[in-house]
1. Any residue at all in the stretch 135-157 that is basic (Lys, Arg), within 18 Å of residue 243 (Cβ to Cβ) and touching a helix residue (DSSP H, G or I) at 6+ places or on another chain (Cβ under 9 Å)?
2. Does at least one position in the stretch 123-137 carry a residue that is among the aliphatic types (A, V, I, L, M) and farther than 16 Å from residue 236 by Cβ?
3. With closer than 15 Å to residue 267 by Cα, charged (D, E, K, R) and under 43 Å from the mean Cα position of the chain (by Cα) as the only criterion, which of 322, 361, 317, 350 stands out?
Amino acid sequence: MGKSNEAPKEPFFKKIKEMKKTKVKKPKSNQLLHVPLSRAKWRRVTSVTLTGMVTLSLFFNVYYFNKYQKIRNDVKKANETLEQSIKDKQKDDLLVQNGAVVFGQKFLKDYINLAQGKENQEKRVANLKPYFIEDFNIQQFEEYKDFAGERKIGNISYIQRERINSKLANYHFLVEYSIVTNGKQKVKEKVKEKVNENGQEVEKEVEKEVEKDVPKEVKRLNEVIIPLTTDGKGYAVVDIPTLKDRKLDSAITYKAKDDLQFTSTPTADENKKIDEFLNDYFKAFTENVEQIKYLSNDTQTLKDYKFTKIENKKVSKTDDNKYFAQLTVLFNEKETGLPISQNLEIEFEKQSGDFHITAIK
């Protein structure tokens, strides 16, 4: 037998043994890879981190500072607006105060009064200038050189205020004034003249018609309207006043509405007791003022007058024993005897068998 060319096979168990000796190292999945950093890298990382933190802090500081400034400016602006609104309101309120009426009355006295003569008229214009707004040319409207007379003011009565806007209001006054002019008029007058009597010239007093300068007075009553403005401190006239006719009286029909519904009239006996009660009340009303509080809720009295009598009395009654009286009461002033009368409406009721007044109108 010939020899085989194949390499001799290693024993099986020998291979197993060698495989056990050769261990394959598996990588640990949870093991972190540690890469050492140099000092230069550490410094660079630290520098970038600090710079970022400072920049971020600066950004937030600037942001919140600007936000604070905006809030502060908004609050300041709101306060300024509020203060200005209050000032405007105070200026506005100044036009509704009594000071405007006093100013208007003072102005009217200087405006209406007009004396004779060029010098007096120039003085009047000079006195009026401070009343008007600045740069108002009053001389353009006040020219009286051809007027031979004078104007005098009488009574001034405040009527009303008419609001135009927040800075302007018209004040209405009722003004009495008189205009006096001199005119030629023929009058009879006694004069001394030389007359011929029985061939002799004698001086006698005779009545003749002569022409003289006689003052003529005309009285007027007009509504005068003054436009006023204010700066919050004082007042000024915006334009020359306007005059109008004003009638304050009017034909008015009025019927009072009864507050209570009356269903019956008192009996004759009740009427007698009511008369006694009302007479006692009005005597106390003028004489025994201490007693009035026991007779009425209204404790006002009229102690300078003396009660005389009651006239035109009408009394009605409700179902719940409430009474209503319409009457005319006559009084005399104690010192002078001057009589006065008052029309009254009285509500009263029974309390514990006695009458008591609850209201007087």
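1. Within the stretch 135-157, the subset basic (Lys, Arg) is 145, 151-152.
Restricting the remaining residues to those that are within 18 Å of residue 243 (Cβ to Cβ) gives 151-152.
Then keep just the ones that are touching a helix residue (DSSP H, G or I) at 6+ places or on another chain (Cβ under 9 Å); that gives 151-152.
Yes: the stretch 135-157 contains one or more residues that are basic (Lys, Arg), within 18 Å of residue 243 (Cβ to Cβ) and touching a helix residue (DSSP H, G or I) at 6+ places or on another chain (Cβ under 9 Å).
2. The initial filter retains those residues of the stretch 123-137 that are among the aliphatic types (A, V, I, L, M), namely 125-126, 128, 133.
Pick out the ones that are also farther than 16 Å from residue 236 by Cβ and you get 125-126.
Scanning the stretch 123-137 turns up at least one residue that is among the aliphatic types (A, V, I, L, M) and farther than 16 Å from residue 236 by Cβ.
3. Details: 361 fails: closer than 15 Å to residue 267 by Cα; 317 fails: under 43 Å from the mean Cα position of the chain (by Cα); 350 fails: under 43 Å from the mean Cα position of the chain (by Cα).
On inspection, the qualifying residue turns out to be 322.
Every read-out reported here was derived from the displayed coordinates using simple, explicitly stated rules and does not represent laboratory data. Computed from a predicted structure; not experimentally measured. Glycine also receives a Cβ, built like all others from the backbone with ideal geometry; neighbour counts cover every protein chain displayed.
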